[in-house]
Amino acid sequence: MSILEWMPFSVLLPLLAAPVCALLPGRFLPWLLAMASVTASAVIMAFVLPEAVNEPMRYFFGDWPPPIGIEYRVDAVNAFIGLLIAVMGTVILPWGRISVNREVPQRQGLFYALFLLSFAGLMGITLTGDAFNVFVFLEISSLSTYVLVAQGRSRAAPLSAFRYLVMGTLGATFYLIGIGLIYIMTGTLNMVDLAERLPAVADSRAVQAAFAFIIVGIGLKLALFPLHRWLPGAYANAPSAVTVFLASTATKVAIYVLLRLVFTVFGIEFVRQMPFAEVFFVLGVIGILFASIWAIEQDNAKRLLAYSSVAQVGYMALAISFVSVAGISAGLVHMFNHALMKAALFMSVCTVIYQVGSPHISAFRGLGRQMPLTMLAFVLAGLSLIGVPLTVGFISKWLLIETAMADGNWFAVVVVLVGSLLAVMYIGKVAEAAWLRPAPEGREPVREAHPGLLVPMWILVAANFYFGIDTRLTVDVARRGAEMLMGGSP
Amino acid sequence: MFEFILPPAILMIAGAVLIGVARPALRPLIALATPLITLYAIWQVPDGVQLTATFLGYEVQFVEGSDLRRLFATVFAIMGFGGALFAFRQSKWWELSAALMYAAGAIGVSFAGDLIVMFLFWELMALFSTVVVWCGGTERARAAGIRYAIIHLVGGIVLKIGIEGLIIHTGSPEIRALTLGNFDTWMIFIGVLINAAAPPISVWLADAYPESSPMGGVFLSAFTTKTAVLALIMLFPGTELLVWLGLIMIFYGIIWALLENDMRRILSYSIVNQVGFMVVGVGIGTELALNGAAAHAFAHIIYKGLLFMSAGAVLYQTGVRKCSNLGGLFRTMPLTTVCGTIGALAISAFPWTSGFISKSMISSGAAYEHMALVWYLLVAASAGVFLHAGIKFPWFVFFQKDSGLRPPEAPWNMRAAMIFFSIICIGLGVFPGLLYSLLPYPVDYKPYTPDHVLSQLQLLLFAGLAFFVMLPMMKRTLTITLDFDYFYRRMIPKIAGFIDRSLASARDRTIEAVLSGGSRAITQVRVQSYRFFSSRSPMGQMAIWMAVLLAVIVLMAFSRG
């Protein structure tokens, strides 16, 4: 079989493994199956990426060519995002096993089945070339995620899951309305066909309304300010493994869908006429500043990082709003980098929660001495988030500032830098408690975490530095992807 | 022999990391060996660009050799060795490790072939110097470290904007002489000057350095400001503004050091003062003056390291940091006294010490350019240096009245480090050719001309005389004399107190106004926005926001389409 024929299995394997997983007894077997299928996905994507960078790969399901059948169309952008998701899944699952044993002691088969569904949904969204298929996979991943969030141990978890459910469904509905409108206008759901037929009807109000619906619907899924409200609760209350996985993948996939629909389907000409750049610029800037300020406010470290995620989405929105190859590639790079740093940060915070039992920052006091490896990982990943040189965060900020400067947009430069300073404050808040404050009196000495929790965490920390030095994978592929999205125009 | 040049900074970083993972017994060995191996590697770097890498799509020059760069890297490595020798038995391993990382940053900046690499190592220095400050371990060190980090963070951001702007507008990250003409170069200029402790942002230095541990201060005294001087030499030679900034630094340092009581704070102000001399040298910009700035940086690192070592040894043995509580230590700490005095003589540019052969190059640089005012001010400042660092520091710490403290002599490794640096101070003074042969431009400067030695001795003599004239009066303060007592206890404190109070109240009032106004505004922004947009607000609001957003986008789209 050629790599083209393997490619759909990166979605199908986890999707088919999910029901099997639900039936498996015990704790180890479901995890093993989940791990095996996610790893297989990652391996497949690792082979797909080099192929897809040069020439888009097209796979027709059941040999039905579009527009009748469903097509998987993979180019540099979605191969890049797909690889990111699969690799993050592969790193997070071994880490998650220990925390899941604690947090979801019963019926782990179902838990891993849901995890696989959520994973398969995200992969499906990424690889598919069909706008309605995106919706189907979006629902698969969202529904399973709602249930996963509800598995959290805190009493607020079901409520957070319910809020996420209501808001997420609103978003998905908006997206569906948008897709419905363009289907009425063009009679096709295949993205390439849509891209060919839409310019002819671009002047119609229906297409413009569809654009607005899709932007708002996806905007909710990517937690764009002010549509971010589902995110902090969901991240803060979900089981640790789910939090880490969501934080590093879910919003990234939503941004991918946005890029794909806006630039490939609607096309650059149409986007320039629409109020896309202004809306994303304004919301991105507000998101960066306000979400960072709110993050400083938080006493719960998980919630703090969740607001930081909203701020980071703001950076991506800001980057995309420049509607240029440089801007989009900066956004793509930041998407990748943010997955690395936020996963490492959430892992270290969740490890502390695992050891100490509380997510409150006061519980972090004195942990620098007692859990040095975990807290060092937090500091290093935090430095990456702030944007210290030799980390991925530096690359992100550098590209973003370069784009803004080349555009002559000094306001954006200032916003990015102020955002970095605010990041220093909220990362510093946790790091200071851990390293410079004495442990609260009367607390039992805390031991360093299990190696099974430390190793994946440090792999991610190492990745934060590796991709901060060697930018060939991220920057070059992202630039190629951005060029493909923009259709070769500068 | 080797095709591949091992970057000295990477060696140093490897050593610093190794300290962390090695067995405790091996740590001292690694801490001492790393700077020496690095020093060897530094001298293996030939001229020109040696090692390039691709970073962010630019061909960055990771290692570039030249005389000037090697000179600075050499003294940084020597300082790393001396500091490690001074500290290795007393410091915690993380302090040693952080200090070596800090030194590695300085060496990395020295060899950086372009602005991107320079910035990388610049930030490395900022990061680990903050850790070194924190290693002081006290509550004051914690707070000072945070203030220090914020200043350097802002400085780094300013520098980064400048560098990135310059790269975008000129397309080249190469390190070359720049002229202050546009926004980008100004930002780079300001970013570098923040690290040089130039006014108006000099205060971070005397704020943070004295809060470090007795050992940490030795490292802190060396790297940050001198890498800034190196950056100024490479980026802004001959910028006239620097002459005046440097003069302000010189006199700022002298005045504040004379008013100060904390011994390491005196030395910290004296760093500002000495860096001022170098900045003036860069500002004059002739070959002689640039040579002088480089030579002075070299000499200064050694003797200021020596002074911080002697102060650190005293602090380590007594735990007392205030001059008024010290004195008479020469009885039990003779070696520390001798070494501290050698450092004090060197900083005062006494003939046959390293300060003499380097500082005079700068003032001669001014004289040859016929900058009469600058020359007069530099000469006057030399006398001031002798007053605050040359006499005040050793006198109050080691001689003066007997404080009753009888600390034992410093541990052997501290003594060894002090002797090592004393030898360098005197060796360079007696054999100036050693240092001159390392300088970036050919030297035909003769420091030991009769009139030069004589004039310097005269200057020191009169400055010393001034001090010794005051000395009997000072001694009298020990016996109770009302008239002078008033002067000593009331008058000076009153004047100083008045200046201090008015300055402090003005400062407090502005800070308070900014803070209270700012925090009110921030609270409003924070609380109000949080009320409307937090994840805990009702779900219905979210739906409303979706509708609003949809309406806005649709209306904007329709109005255009």
(request) Within the range B:318-348, work out how many residues are among the basic types (Lys, Arg) and touching a Pro at 6+ places or on another chain (Cβ under 8 Å). (result) 1
(request) Go through the range A:234-307 and tell me which helices (runs of 4 or more DSSP H), entirely inside it, have 2 or more residues that are closer than 19 Å to residue A:328 by Cα, more than 9 Å from every other protein chain (Cβ to nearest Cβ) and in contact with a Ser or Thr (Cβ under 7 Å, 6 or more places away or on another chain). (result) A:240-259, A:276-297
(request) Go through (1) within 11 Å of chain A (Cβ to nearest Cβ); (2) closer than 26 Å to residue B:315 by Cβ; (3) aromatic (Phe, Trp, Tyr); (4) within 16 Å of the chain's Cα centre (by Cα) and name the single condition residue B:102 misses. (result) (1)
(message) Exactly one of these conditions fails for residue B:343: (1) more than 21 Å from the chain's Cα centre (by Cα); (2) under 16 Å from residue B:416 (Cβ atoms). Give me its number.
(response) (1)
(message) Every residue in the range B:350-375 that is under 17 Å from residue B:301 (Cα atoms) and aliphatic (A, V, I, L, M), please.
(response) B:357, B:361, B:362
(message) Condition check: among the polar types (S, T, N, Q) and either outside any loop (DSSP other than H, G, I, E, B) or within 18 Å of the chain's Cα centre (by Cα) (or both). Does residue B:91 satisfy that?
(response) no
(request) State the number of residues belonging to the range B:36-64 that are under 18 Å from residue B:435 (Cα atoms) and in contact with a strand residue (DSSP E or B) (Cβ under 6 Å, 6 or more places away or on another chain). (result) 0
(request) For the range A:349-367, indicate whether the set of residues that are surrounded by 23 or more Cβ atoms within 10 Å (Cβ to Cβ), within 14 Å of chain B (Cβ to nearest Cβ), hydrophobic (A, V, I, L, M, F, W, C) and assigned to a helix (DSSP H, G or I) is non-empty. (result) no
(request) From B:332, B:318, B:336, grab the single residue that is surrounded by 24 or more Cβ atoms within 10 Å (Cβ to Cβ), among the polar types (S, T, N, Q) and modelled with pLDDT of 85 or more. (result) B:336
(message) Looking only at residues that are facing chain A (nearest Cβ under 10 Å) and of a type in the set (A, V, I, L, M) in the range B:151-162, which one is surrounded by the fewest Cβ atoms within 10 Å (Cβ to Cβ)?
(response) B:154
(request) Check off (1) within 14 Å of chain B (Cβ to nearest Cβ); (2) outside any helix (DSSP H, G or I); (3) over 25 Å from residue B:547 (Cα atoms) for residue A:188 and give me the number that stays unchecked. (result) (1)
(request) Answer yes if at least one residue in the range B:156-175 is of a type in the set (Gly, Ala, Ser), part of a helix (DSSP H, G or I) and out of contact with any Asp or Glu (no Cβ under 7 Å at 6 or more places or on another chain), and no otherwise. (result) no
(request) Could you please find all residues in the range A:432-447 being of a type in the set (A, V, I, L, M, F, W, C) and either within 11 Å of chain B (Cβ to nearest Cβ) or on the phi > 0 side of the Ramachandran plot (or both)? (result) A:435, A:436
(request) Being of a type outside the set (Asp, Glu) and not in a helix (DSSP H, G or I) is the filter; apply it to the range A:71-118 and report the residue that is surrounded by the most Cβ atoms within 10 Å (Cβ to Cβ). (result) A:74
(request) Pairs only if they're at least six apart or on different chains, beta carbon under 9 angstrom, first in the range A:471-490 and farther than 16 Å from residue A:269 by Cβ, second crowded, with 20+ Cβ neighbours inside 10 Å and modelled with pLDDT under 85; list them, first residue then second. (result) A:471/B:55
(request) Tell me which residues, restricted to the range A:381-395, are in a helix (DSSP H, G or I), within 11 Å of chain B (Cβ to nearest Cβ) and in contact with a Phe, Trp or Tyr (Cβ under 8 Å, 6 or more places away or on another chain). (result) A:395
(message) Of the residues B:428, B:405, B:378, B:439, only one is aliphatic (A, V, I, L, M), within 23 Å of the chain's Cα centre (by Cα), assigned to a loop (DSSP other than H, G, I, E, B) and surrounded by 14 or more Cβ atoms within 10 Å (Cβ to Cβ); which?
(response) B:439
(message) So in the range A:191-228, with the set limited to residues that are more than 29 Å from residue A:60 (Cα to Cα), more than 29 Å from the chain's Cα centre (by Cα) and not in a helix (DSSP H, G or I), which one is farthest from the other protein chains (Cβ to nearest Cβ)?
(response) A:204
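The values are calculated or read from the model by the stated rules, or taken from the named source; none is laboratory data. Keep in mind that what you see is a predicted model, and the values were worked out from it rather than measured. Please note: Cβ atoms are built from the backbone with ideal geometry, for glycine as well, and neighbour counts cover all protein chains shown.
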